[in-house]
Every structure is written in structure tokens, then in C-alpha cells.
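Report on the structure given below.
The values are calculated or read from the model by the stated rules, or taken from the named source; none is laboratory data. Keep in mind the model is a prediction, meaning the values are calculated, not measured. Neighbour counts run over all protein chains shown; Cβ positions are idealised from the backbone, glycine included. Only protein heavy atoms, including side chains, enter the accessible area calculation; ligands, DNA and RNA are left aside. Shrake-Rupley method; radii C 1.70, N 1.55, O 1.52, S 1.80 Å.
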Amino acid sequence: MKILLTGGAGYIGSHTAIELMSSGYEVVIVDNLRNSKASTVDRVAEISGQSPTFYQKDVADYVAMDTVFKQEQPDAVIHFAGLKAVNESVADPLLYYQLNLLTSMSLCRTMADNNVTNLVFSSSATVYGKPERLPLDENCDATKATNPYGRTKIIIEQMLRDLCDAKPKFNVVLLRYFNPAGAHPSARLGEDPNGIPNNLVPFLTQVAVGMRDELVINGDDYPTKDGTCVRDYIHVQDLAKGHVAAIRKLQSNCRLVAYNLGTGTGHSVKEVVAAFELATNQHLPRSIGPRRVGDVPTSYTDPSLAKRELGWKAGLTIDDICRDAWRWQNENPDGYP
Ligand code: NAD
Ligand code: UFG
């Protein structure tokens, strides 16, 4: 089976490409390298011993994508391509609505016109906004995002629901990721953010390697075990395996289904710092700053639906995440060449 990965040169897509190829799938990557580098694709080939076919194209370019689809005739698509920075989406909402929505709409049009009707979509736990209950399960209201980035995910999910209603041949799996982190254990693939990282784990790795002076913890007066926010950190390797399980699910004519991908365990910011200190064997300078606007105190999933219906369960821990993130950062202090 041949799987086309939009955004497959990115952080989650590159790890998924390796997992798919090691499970016997052929992989085609389409990425415009807006937020990634071509050397990532070389490293995917180096690790897996197989070269994915790579097209440097914009997924929103219908003509270019139509040519790729006619050439490759994929059996299914995993749609990772998109912008993902919450604060950037607040500052420039039109950019997010334009790129994330137009890219997804154009991709669906290309798929329908080429009779490719199996899709896995990268959604996010951000669609749940402030949790109505914990743990978050798939029946929680998934239309409550509090920022433009999250609202693009809600709109795309709704568009895919409408598409499945109108065209019964379509099968869609929506994967709502919790907090992806960590890196490939080879230290050849990892997260390579542009500029100052927004997310906790890449910020910590940059402090540990000496690129940043200290971690500022965004508030320690939340109603949580130690006052800092609690999140469900999922190793990117586990996440990649979740995509392989979702591809298998598509083959059962599932119509449209949504799954939360997380571990089911929440860790506070202070706990992540402690795990990171253990992994790096060094003290990490930090201070307490004000709360970050928009942060919810606690978010973690009930992972049981994915276990029951996908046969998938996260197997790696926060210690594995910190060890692999650190190894990646330490061996690639400047990210990808
Ligand atoms: P990433 O930025 O590393 O990967 C996205 C890739 O898409 C990049 O390689 C980028 O160059 C490419 N891309 C963007 N627009 C494109 C376009 N129009 N045409 C072709 N390629 C394009 O991000 P990631 O962390 O790997 O995230 C992948 C997906 O998962 C995104 O949709 C993101 O919203 C979603 N997600 C990520 C997280 C997270 O914390 N990383 C959490 C929840 C959901
Ligand atoms: N944090 C700090 N200092 C930092 C960075 C982060 O204290 O320098 C704190 C945050 O305030 C938060 C926690 O660490 O309390 C986790 O923050 P992240 O930014 O790593 O993760 P979020 O849960 O805020 O958001 C992430 C992705 C979103 C996605 C969401 C749910 O960035 O895109 O998970 O999947 F929508």
C-alpha cells in the first residue's frame, strides 16, 4: 500500500514515515519545506534504509498535487501539512485561516477528483478548549478551541464530516494529538523549531544545551498538584505508531471516526523539569513567571477508545521523552543542516 504524507518532512510526519516504511508501506512525501528542511527526508531514508519519494510542492497548489496524485496513485493520505503555532495564529489569524483551510480544502478536492478516499487528519486536543471534564474523551465537545489555530482544526474536522456525509466512499480518521514531544532514539530526527520555542520540551532542551539562559515557568498558582500546568506528553514515536494503526482502521471502511492520542497520564511543568534534569544529569536554571494567556490548568486524555478500536496504546514515558529529546538536541545543537 502506498501512503502520501502531506507535511511529511516535518516533525511528526518524518517520524511517521519511518514507522510506515518499517511496517511495509510505501511512502510519498509532499512538503513545501516552509517549516522543515530537505535533509530531514535524507535522514528518514538513512534510518529506514528505504527512500521515500519526495515532492517539494505546496499542497494548496491543485495543479501540482493533481499531477502527483496521477503519478503516484496513493491508497491513502495522512494530512500533516499546516501551520501550528498558537501565538502566531493569534497575531495573524488570516494567515492561519488562509493556509490551513485552503490547503485542506484543495487537498480534499484533489483526493475526490482522483478517487482517493482514505484520509488521516492531524487534529489537536486544542479543539476541546477548556476541558469540560477530565480525562478528556472523544465525546467531549470538540468545538471549544480558544485560539485561531485551534478553530482552523475545528473547521477542517467539520468540513471532513460534511464530505463523508456527501460522499459515502470517503473514510476519515481524525487524530487529536495531546502534547507530542521527544525525538527518534537514533538522535537523527527531532523537533527543530524556528526561533524561540513556544513549547515546553524544546525550550528545555535549548536551556540544557546552553542556547537559553533559563526556563521561565508560566505560573505556579494553578489548582494542580504543585501549582504548575499539567499536560499529557506523548512520545513522537508512539504518535507515529498511532498513525500506522489509523491507516489500518481506514481499511475497515470506518467512515469518520475521531481518536485522542495521548498517554492518559498528566505531568506538571515542574515534573517535566525534574525528569529532564534526571535525563541530562544537570541542574536547569528556571524561574517562575506570570501565567501564559490561554493556558488551561490541566489537560490529559482517556486513551481507552484508541486502545479498543485501533489496538494502539502509548508505551513510552516522560523519562523516555526527555532522554530522546536531550540526545537529539545534544547531537544536533543547530537542528537540521
Ligand atoms: P511541522 O511544522 O514540523 O510539520 C508540518 C510540515 O508541513 C512542515 O514540514 C511544513 O513545511 C509543511 N507544510 C506546511 N504548509 C504546507 C503546504 N501548504 N504545503 C506543503 N507542505 C506544507 O509540524 P508538526 O509538529 O509535525 O505537526 C504536524 C501536524 O500536526 C500539524 O497539522 C499540526 O497542526 C498538528 N499538531 C501538532 C502538534 C504539535 O505539538 N507538534 C500538536 C497537535 C497537532
Ligand atoms: N511552559 C512554560 N514555559 C515555557 C513553555 C511552556 O512554563 O517556556 C508551560 C506552558 O505554559 C504550559 C506547559 O508548559 O503550561 C505546556 O506548554 P506547551 O506550549 O508545550 O503545550 P500546550 O499544551 O500549551 O500546547 C500544545 C501545542 C498546541 C496544541 C496543544 C494541545 O503547542 O499546538 O498542545 O495539543 F494545541
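Quick look at the numbers
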read-out: Looking only at the range 293-318, and only at residues there that are in a loop (DSSP other than H, G, I, E, B) and among the small types (Gly, Ala, Ser), the one that is nearest to ligand 1 (Cβ to nearest atom); value: 299
read-out: Among (1) part of a loop (DSSP other than H, G, I, E, B); (2) within 14 Å of ligand 1 (Cβ to nearest atom) - the single one residue 50 does not satisfy; value: (2)
read-out: Residue identified as away from ligand 1 (no atom under 16 Å from the Cβ), open to solvent by 60 Å² or more (accessible area, probe 1.4 Å) and touching an Asp or Glu at 6+ places or on another chain (Cβ under 7 Å) among 270, 241; value: 270
read-out: Qualifying residue in the range 123-140 (condition: open to solvent by less than 10 Å² (accessible area, probe 1.4 Å) and either in a loop (DSSP other than H, G, I, E, B) or at pLDDT below 95 (or both)); value: yes
read-out: Residue in the range 159-168 that is within 17 Å of the chain's Cα centre (by Cα), modelled with pLDDT of 95 or more and open to solvent by 10 Å² or more (accessible area, probe 1.4 Å) present; value: no
read-out: Filtered residues of the range 204-228 (kept if in contact with a Pro (Cβ under 8 Å, 6 or more places away or on another chain), outside any loop (DSSP other than H, G, I, E, B) and within 25 Å of residue 134 (Cβ to Cβ)); value: 218
read-out: Some residue of the range 181-192 being farther than 17 Å from residue 327 by Cβ and either under 15 Å from the mean Cα position of the chain (by Cα) or open to solvent by 50 Å² or more (accessible area, probe 1.4 Å) (or both); value: no
read-out: For residue 330: the one exception among (1) surrounded by 14 or more Cβ atoms within 10 Å (Cβ to Cβ); (2) touching a helix residue (DSSP H, G or I) at 6+ places or on another chain (Cβ under 9 Å); (3) polar (S, T, N, Q); value: (1)
read-out: Members of the range 242-292 that are closer than 16 Å to residue 220 by Cα and not in a loop (DSSP other than H, G, I, E, B); value: 267, 268, 269, 270, 271, 272, 273, 274, 286, 287, 288, 289
read-out: Of residues in the range 14-45 being surrounded by 21 or more Cβ atoms within 10 Å (Cβ to Cβ) and assigned to a strand (DSSP E or B), the one nearest to ligand 1 (Cβ to nearest atom); value: 30
read-out: Subset of the range 198-213 that is under 20 Å from residue 292 (Cα atoms) and more than 24 Å from the chain's Cα centre (by Cα) - its residue that is surrounded by the fewest Cβ atoms within 10 Å (Cβ to Cβ); value: 213
read-out: Neighbours by Cβ (under 8 Å, 6+ apart or cross-chain): first from the range 271-295, of a type in the set (Ser, Thr, Tyr); second within 14 Å of ligand 2 (Cβ to nearest atom); value: 280/208; 280/322; 287/214; 287/215; 287/216; 287/217
